[in-house]
Structure formats: structure tokens, C-alpha cells
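Working notes, structure below.
The values are calculated or read from the model by the stated rules, or taken from the named source; none is laboratory data. It should be emphasised that the depicted structure is a prediction, and the values quoted were computed from it without experimental measurement. Positions of Cβ are generated from backbone atoms using ideal geometry, with glycine treated the same way; all protein chains shown enter the neighbour counts.
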Amino acid sequence: MKLINKDVEKRVIIKLDKSITNDSVSGIMKFGINNDYPQIIEKLILGSQTAKSASNIFASFLSGSGFTNTEIGKVIVGIDYKGKKVTLDKMLRETAKSCSKFNGTYIHCNMNIEGTINKTKVVPFKNCRLSRQDDNGYCGKIAVHQNWERDPDKKTFNQSEISWYYNFNKNSVVQNIEDAGGFDKFKGQIFFLSLDDSYLYPLSQFDSVYLDMDTEYQIQLFRNREIRNGFSDKIVMHINLPDDELERRQTIEKCRNWMGSDGDKLLLFESEFDENGELAAGSNFKVDKIPTNINDKLFADWEKGLANNIRKAPYSIPAVLIDYEQGQLSQASGEMLTQATNYYNALTQPLRDEISEAIKEIYQNFDSDILKNNQDWSIKPVELLMNQVVEQDSPDVIKQKSQAELRGSVGGITALIQLQQSVSQQLTDIESAIATIVEIYGISDDIARKMIGTPKIQTDNNLT
């Protein structure tokens with residue numbers, strides 16, 4: 001027996017190792033046994049719809065509604081990889097995005113001999129590694145390379161292509177320039193912000209749910225393969241291939257075209273039959289099925305549990321915010337969204353304070369009078385969501401909508417007629433009726449009096 005079909009895609013193997021070890025060859029502190037912890041975390045987050053939504057929400061709350069002093073957010077502080085100008089507001093958002101995935105960020109600072117910064121940019125977290133620790137446990141430099149994990153699909157790793165930068169310290173610029181061999185060889189400094197100092201490198205907020213993120217991705221992949229393959233059961237096809245090489249290739253290609261949701265519905269072979277109408281031994285092909293025992297209905301409950309676990313990883317994001325971000329929110333009130341926003345603002349406030357302090361440490365040395373003279377570097381909590389919800393679902397707006405619907409309904413008109421009759425029968429006082437119309441229907445007092453009019457009081461002729 002010979003296996004004809006070959007594996008089309010490489011099997012995705014997830015092995016998240018968080019060990020931090022000394023690499024004497026490269027001169028760095030490795031992050032993971034294969035030096036690929038950040039790369040794997042990023043792939044897992046991007047492959048999970050819940051984790052991606054949670055990361056986006058987390059980043060939004062870390063950057064909040066921008067700086068309290070809106071003027072500093074407009075200052076140009078760098079140029080991105082596309083050559084576009086970057087404001088401090090955008091730098092804050094980029095920092096928040098990095099922190100939401102990796103719990104930290106690296107910011108490159110280009111500076112003059114006096115330590116004044118003239119340009120900054122966020123360096124991808126996954127491209128940065130700390131230098132080997134000295135006897136005091138201090139890492140004096142930061143190494144940058146685009147292929148620490150030695151991915152064969154990327155450019156081959158070359159140790160000579162590692163770029164080395166000094167840690168951020170404006171007081172050591174002169175010494176750094178001397179050590180680099182002159183200002184022309186001085187590449188600037190990198191500021192390393194870590195929101196978790198428990199270890200040398202910060203662990204991602206999603207570290208504890210990396211298997212859940214992978215499971216969510218694998219469920220999507222399973223469903224996709226079921227559709228693309230066109231059947232659930234495994235199919236084993238035994239083929240008696242012709243001797244002619246061209247016919248062999250045509251037969252194999254025809255079998256391939258049979259697979260998938262858009263595959264051919266008819267597979268036609270010329271075969272030989274015995275006297276009983278059965279396929280003769282050695283004829284063209286035979287098909288066997290290996291039934292699957294996977295019940296895809298089980299995934300419904302799994303997905304709920306997975307999503308719940310994943311959203312809790314970054315400081316327990318309220319479920320209502322995840323549903324709102326993914327467009328799945330239907331009946332939650334504005335007050336629920338407001339409370340959830342206030343709650344998550346409170347949980348993430350310490351992180352905004354840390355980011356604010358880091359921004360201050362860097363940009364109070366920037367070549368800008370606005371930044372040098374700034375005294376307020378605080379970041380405002382998220383406000384946009386609350387304002388939209390309050391404006392849309394305020395009690396006054398809800399009341400006005402209800403009153404308008406009642407005025408235009410048959411039931412509303414019928415109730416008004418019954419109220420007029422009640423006044424005529426002296427069952428209801430006129431002033432009470434007018435107050436009811438004003439409050440329930442939202443009609444002005446003068447219009448309400450005209451609607452009630454001067455009802456003719458009904459009397460009982462049998463009374464003496």
C-alpha cells in the first residue's frame with residue numbers, strides 16, 4: 001500500500017514556554033526556550049475572535065480618552081514606518097496596543113548629545129530582547145531583530161544583523177556616545193515599559209488562557225475544514241492507478257477536484273464487474289469510510305466557556321463590553337454599559353497611571369516647549385461610550401419616545417375618549433384628567449384642556 005496524498009499545510013503546534021534563560025552566543029536573555037514567547041502569544045490572540053476583541057477593548061481603556069491636557073496630544077513626536085507623522089496621541093494608542101497584548105512596550109528615542117529627544121517610535125515588542133544580565137542582574141542594552149524565533153519563512157537569522165541600543169537614561173548619553181565610538185555610531189536609546197515586574201520580561205495578560213485561545217481557533221479550523229472537505233467522515237480511497245504516467249496524474253487530479261464544498265459532484269471511473277455485478281478484484285477503486293465521533297453541537301457550550309475564560313484574562317473585562325464590541329448586544333440597557341465602563345475604568349486606572357508616568361519620563365525631555373512646560377500628563381478614563389449611552393438611553397428620551405408611541409396608537413386614543421367619558425360621569429375630576437394627559441401623553445396643559453373641553457355632566461333622571 002502506498003500513500004498518495006501529501007500533507008497540504010503544516011500542523012500548528014502550540015508550545016508556549018515562558019522560561020527566561022541566558023544566551024551566551026547572542027548575548028541576550030532568551031524569552032522562552034525557543035526565544036519565541038511574544039511571537040506565539042501574538043498568533044494566539046489574533047487567531048481567537050474573543051481574545052482579539054478583548055485585546056482591543058483592553059487597549060482602548062489603557063489609552064482612555066486621551067490626555068487630560070489635549071494640547072500635548074497634538075504635538076508631532078515622530079514618523080512611522082510609512083513615513084507619516086505621529087502625534088503624542090497616536091504614540092499613546094500604539095503604546096496601549098502593545099501593552100494590551102504583551103504587558104509592555106519598547107519606545108526608541110533619537111536624541112542629541114545633550115539628551116534632548118527629537119524623534120520617537122514604538123518598536124514591535126516581539127522584536128526586542130534584553131541583553132545578558134551583569135553581576136548585579138542589570139541588563140544594560142536592548143537588542144532588536146526581526147527573527148528571534150528563527151522562522152524559516154522569514155529572512156535567515158544572522159547574529160551580525162542584531163541592532164543594539166542602550167537603555168533609556170538621559171544622564172548617560174555622553175557616555176553612551178563614547179562607548180559607541182562617536183555620535184555617528186550612536187543609535188539612540190530605548191525605553192522599556194513593563195506593566196508587570198514579577199519577572200525579567202512581563203507575561204502577557206492572556207498567558208493563563210493560551211490553551212483556551214488555541215482551542216477557540218481550532219474549533220473555527222475544524223468547522224472550516226468540514227465545509228472545505230465536503231464531508232465529515234474520513235474517506236479512504238483505494239485506486240488501481242494506470243501504468244501511463246499522464247493518466248496517473250489525471251486520475252489523482254480528478255480525485256482532488258472531488259473534495260471541498262465546491263468540488264465536483266460526479267466522479268466517473270471505468271471499472272470491471274464480476275458475474276454478480278460486484279466490482280472485480282483489481283478494478284479501478286474502492287472507497288471506505290472511517291466515521292467521525294465528533295458532535296459539533298458540543299462546541300456551542302464549549303465556545304461560551306472559552307469566551308468567558310478569555311475575557312477574564314485582561315483584568316476581567318465585563319461580558320457586556322465584549323458583546324457590545326462584537327455587535328452582539330441586543331437588549332442590554334444603557335445603564336448596564338455605563339456601569340460596566342465605570343467598573344473597568346476603575347480596574348485599569350493603575351495601568352493608565354503607569355503609562356502616564358512613562359510618557360512623562362520620556363517626553364518631558366522632548367524638543368518641544370509645549371511638552372517641556374507641561375505639568376499634567378494624566379490620561380482621561382474612557383468617556384465616549386458613556387456619553388453615547390447616556391444620550392441615547394436617558395430617561396427623558398425613553399419617556400418622550402413612549403409618549404409619542406402612545407399618542408399615535410389606537411389604544412392611546414381610546415383611553416383619551418374613556419377619560420373624557422369619565423369626567424362627564426363625574427368619576428374623574430377635570431384637573432386630574434388634565435394632569436394625566438400631560439404626564440402620560442406628553443401633551444401641554446392648554447392642549448390638554450382643549451381636548452377635555454367642557455364635558456356635559458350626565459345626570460340620573462330617576463333622582464328626585
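Within the set Asp212, Asp196, the sole residue that is within 30 Å of Leu306 (Cβ to Cβ), under 24 Å from the mean Cα position of the chain (by Cα) and crowded, with 19+ Cβ neighbours inside 10 Å turns out to be Asp212.
Out of Ile434, Ile430, Ile370, which single residue is closer than 30 Å to Thr87 by Cα, touching a Lys or Arg at 6+ places or on another chain (Cβ under 9 Å) and either modelled with pLDDT under 75 or of a type in the set (Val, Ile, Thr) (or both)? Explain how you work it out, then say what you get.
Values: Ile434 fails: closer than 30 Å to Thr87 by Cα; Ile430 fails: closer than 30 Å to Thr87 by Cα.
Just one listed residue meets the conditions, Ile370.
Give the range 171-199 a look and list any residue that's over 25 Å from Ser63 (Cβ atoms) and charged (D, E, K, R), or say none. Residues satisfying the conditions are Glu178, Asp179, Asp184, Lys185, Lys187. All of (1) touching a Ser or Thr at 6+ places or on another chain (Cβ under 8 Å); (2) on the phi < 0 side of the Ramachandran plot hold for Asn103 with one exception: (2). Considering the range 107-160, the qualifying strands (runs of 3 or more DSSP E), each wholly inside and each with 3 or more residues that are among the aliphatic types (A, V, I, L, M) and within 23 Å of Leu193 (Cβ to Cβ), run over 117-123, 141-144.
Ser100: outside any loop (DSSP other than H, G, I, E, B), polar (S, T, N, Q) and in contact (Cβ under 8 Å) with a residue 60 or more places away in the chain, yes or no? First the steps, then the outcome.
Values: outside any loop (DSSP other than H, G, I, E, B): yes; polar (S, T, N, Q): yes; in contact (Cβ under 8 Å) with a residue 60 or more places away in the chain: yes.
So Ser100 passes the test.
Any residue at all in the range 320-329 that's surrounded by 14 or more Cβ atoms within 10 Å (Cβ to Cβ) and modelled with pLDDT of 85 or more? Yes.
Within the range 58-67, work out how many residues are part of a helix (DSSP H, G or I), of a type outside the set (Phe, Trp, Tyr) and either crowded, with 21+ Cβ neighbours inside 10 Å or not assigned by TED's automatic domain parsing to the domain that holds Thr120 (or both).
First pass over the range 58-67, keeping only residues part of a helix (DSSP H, G or I): 58-63.
Keeping just the survivors that are of a type outside the set (Phe, Trp, Tyr) gives 59-60, 62-63.
Cutting the leftovers down to either crowded, with 21+ Cβ neighbours inside 10 Å or not assigned by TED's automatic domain parsing to the domain that holds Thr120 (or both) gives us 60, 62-63.
Count: 3.
Inspect all residues belonging to the range 72-93 and state whether any of them is at positive phi, in a loop (DSSP other than H, G, I, E, B) and in contact (Cβ under 8 Å) with a residue 40 or more places away in the chain. Looking for residues that are at positive phi, in a loop (DSSP other than H, G, I, E, B) and in contact (Cβ under 8 Å) with a residue 40 or more places away in the chain, one finds none in the range 72-93, hence no. Is at least one residue of the range 31-38 in contact (Cβ under 8 Å) with a residue 60 or more places away in the chain, in a helix (DSSP H, G or I) and assigned by TED's automatic domain parsing to the domain that holds Leu371? Within the range 31-38, one or more residues are in contact (Cβ under 8 Å) with a residue 60 or more places away in the chain, in a helix (DSSP H, G or I) and assigned by TED's automatic domain parsing to the domain that holds Leu371. Scanning the range 68-104 for residues that are surrounded by 14 or more Cβ atoms within 10 Å (Cβ to Cβ), out of contact with any Phe, Trp or Tyr (no Cβ under 9 Å at 6 or more places or on another chain) and hydroxyl-bearing (Ser, Thr, Tyr) gives Thr87, Thr95.
Yes or no: Lys265 modelled with pLDDT of 75 or more, assigned to a loop (DSSP other than H, G, I, E, B) and either surrounded by 11 or more Cβ atoms within 10 Å (Cβ to Cβ) or not assigned by TED's automatic domain parsing to the domain that holds Gly305 (or both)? I'd like the intermediate steps shown before the answer.
Values: modelled with pLDDT of 75 or more: no; assigned to a loop (DSSP other than H, G, I, E, B): yes; either surrounded by 11 or more Cβ atoms within 10 Å (Cβ to Cβ) or not assigned by TED's automatic domain parsing to the domain that holds Gly305 (or both): yes.
Spelling it out, it is not the case that Lys265 is modelled with pLDDT of 75 or more, assigned to a loop (DSSP other than H, G, I, E, B) and either surrounded by 11 or more Cβ atoms within 10 Å (Cβ to Cβ) or not assigned by TED's automatic domain parsing to the domain that holds Gly305 (or both).
Residues that are of a type in the set (Phe, Trp, Tyr) and either at positive phi or in a helix (DSSP H, G or I) (or both) within the range 161-189 comprise just one, Phe183.
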